[in-house]
Amino acid sequence: PLSGVSLSAQPPGGQVALGDRLVLSCAVAKGTGPLSFSWHQGALAKLLGTSPRLELHHVGDKDSGQYLCWASNGDSVAKSPALNITVL
């Protein structure tokens with residue numbers, strides 16, 4: 001099974017200026033097989049992307065909130081802890 005799914009943000013700290021670029025990266029510490037990823041924001045759980053990186057080129061007010069990455073290897077799915085992003 002997959003475990004140790006983690007998120008990191010660039011710029012670090014989860015704070016990004018309005019109109020700037022935000023890059024989120026998802027990593028898996030343990031797990032085998034071809035990995036697939038999905039990105040979700042907040043309670044909506046709307047699908048935002050399916051690669052290990054999520055890039056928002058011009059963040060807006062609506063981009064503030066919690067982000068999660070789900071990783072799957074076909075047999076199991078693991079979620080990252082939520083990462084809180086604040087648009088300044």
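Observations, loosely collected:
- Residue list for the stretch 55-65, filter: open to solvent by 60 Å² or more (accessible area, probe 1.4 Å) and in contact with a strand residue (DSSP E or B) (Cβ under 9 Å, 6 or more places away or on another chain): Glu55, His57, Asp61, Lys62
- Selection within the stretch 64-84 - within 23 Å of Leu22 (Cβ to Cβ) and among the polar types (S, T, N, Q): Ser64, Gln66, Ser80, Asn84
- Taken over the stretch 1-22, the criterion of being closer than 14 Å to Gln66 by Cα and among the aliphatic types (A, V, I, L, M) is satisfied by Leu7, Ala9, Val16, Leu22.
- Residue check for Pro52: surrounded by fewer than 17 Cβ atoms within 10 Å (Cβ to Cβ), touching a Cys at 6+ places or on another chain (Cβ under 6 Å) and not hydrophobic (A, V, I, L, M, F, W, C): yes
- Residues of the stretch 9-37 that turn out to be exposed (fewer than 14 other Cβ atoms within 10 Å of the Cβ), closer than 18 Å to Val59 by Cα and among the polar types (S, T, N, Q), as a count: 1
- Residues in the stretch 66-86 that are over 23 Å from Pro1 (Cβ atoms) and either among the acidic types (Asp, Glu) or open to solvent by 20 Å² or more (accessible area, probe 1.4 Å) (or both): Gln66, Asn84, Thr86.
The values are calculated or read from the model by the stated rules, or taken from the named source; none is laboratory data. Here the structure is a predicted model, which means the values were calculated and not measured. Reconstructed Cβ throughout: ideal geometry from the backbone, glycine too, with neighbour counts over all protein chains shown. In case anyone asks, the SASA skips ligands and DNA or RNA and just uses the protein heavy atoms, side chains included. Shrake-Rupley method; radii C 1.70, N 1.55, O 1.52, S 1.80 Å.
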